[in-house]
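Colleague: Have a look at this one.
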């Protein structure tokens, strides 16, 4: 009996404390009371007080980190103080909520910068002073670690199939399809695998076009674009650059980070 009474009052408390958040014609209402206004331009949402004074913006970012892993978050900026913007996680009332609903819901429930009195500028400034850490899942964290390594390598593939790291030749592709040179992506399904060698012509691995699978000489394998992650659809076909990058991660001995060589100003010697 006691247990059922506790459950009843817990549910009742949740019901009484629940806020009814609605946005209609650009006006944000909490429990039927107008508290703020919102307008949008592209994927950026501008939050204003009821006098239509812009106070902050929320922009939705959805980007590819590496392979099929994507990261979705929001970028907040204060209109009255644009010294810095901050990237944060956002929450949605449901899986089918659009960006506007998610922006409003995050402002009210997640960040608590909108309450029944309107936009709380003090809470907004406090948010910028003490930026909460993003809660990334393991897969996304690993993807960012890989992305950092890849960015340091600065890999490019030139028109003859050479692989360069920071401008230095480190390897090359063989068995390139006919479309190479005219298309950066590998769309052809060929019976001959595309092979990768290092600068000393040591075999590193291959890309199997029929299965989108990479295999190293050491036996490691990885399937590109196998899963979907985030809101955006994944690429169907990998680029030569993406293959070289992934192979460099799979075989750490393939490409060592090459620092760019910087040349100082040329000084012409004068004869005395």
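Colleague: Can you run the Rg to Rh ratio on the stretch 18-129? Use alpha carbon positions and the Kirkwood inverse-distance Rh.
Modeller: Numbers: Rg = 13.9 Å, Rh = 14.4 Å.
Answer for the stretch 18-129: 0.97.
Colleague: Over the Cα atoms of the stretch 138-250, Rg to Rh with Kirkwood Rh, two decimal places?
Modeller: Result: Rg/Rh = 0.94.
Colleague: Let me ask something additional. Tell me, in nm to one decimal, what length is gained between residue 253 and residue 126 on full extension, where the rule is 0.36 nm per residue of separation less the Cα-Cα distance?
Modeller: The residue 253-residue 126 span can extend by a further 41.1 nm.
Colleague: Still on this model: Once you order the gyration tensor axes a ≥ b ≥ c over the Cα atoms, which shape class does the stretch 53-100 get: rounded for a/c under 1.5, otherwise prolate or oblate by comparing a/b with b/c?
Modeller: Oblate, because a/c is 1.5 or more while a/b does not exceed b/c.
Colleague: Quick one: if you stick a label point 7 Å off each Cα along the C-beta vector at residue 192 and residue 149, how many nm between them?
Modeller: 3.1 nm
Colleague: Using only the alpha carbons, work out the radius of gyration and Dmax of the stretch 105-195 in angstrom.
Modeller: 23.8, 67
Colleague: Could you put 42, 85 in order, starting from the residue whose Cβ has the fewest other Cβ atoms within 10 Å?
Modeller: Placing the least packed residue first, the sequence is 42, 85.
Colleague: Here's something else I'd like to know. Apply the Kirkwood formula to the stretch 23-64: the hydrodynamic radius equals the inverse of the mean of 1/r over all pairs of different alpha-carbon atoms; give it in Å with one decimal.
Modeller: 11.0 Å
Colleague: Report the gain in length on full extension from residue 31 to residue 185: 0.36 nm times residue separation, minus Cα-Cα distance, nm rounded to one decimal.
Modeller: 50.2 nm
Only the coordinates and a few stated rules stand behind these numbers; no lab work does. As the structure is a prediction and not an experimental result, all values here were calculated from the model. Cβ: placed from backbone, ideal geometry, glycine included. Neighbour counts: every protein chain shown.
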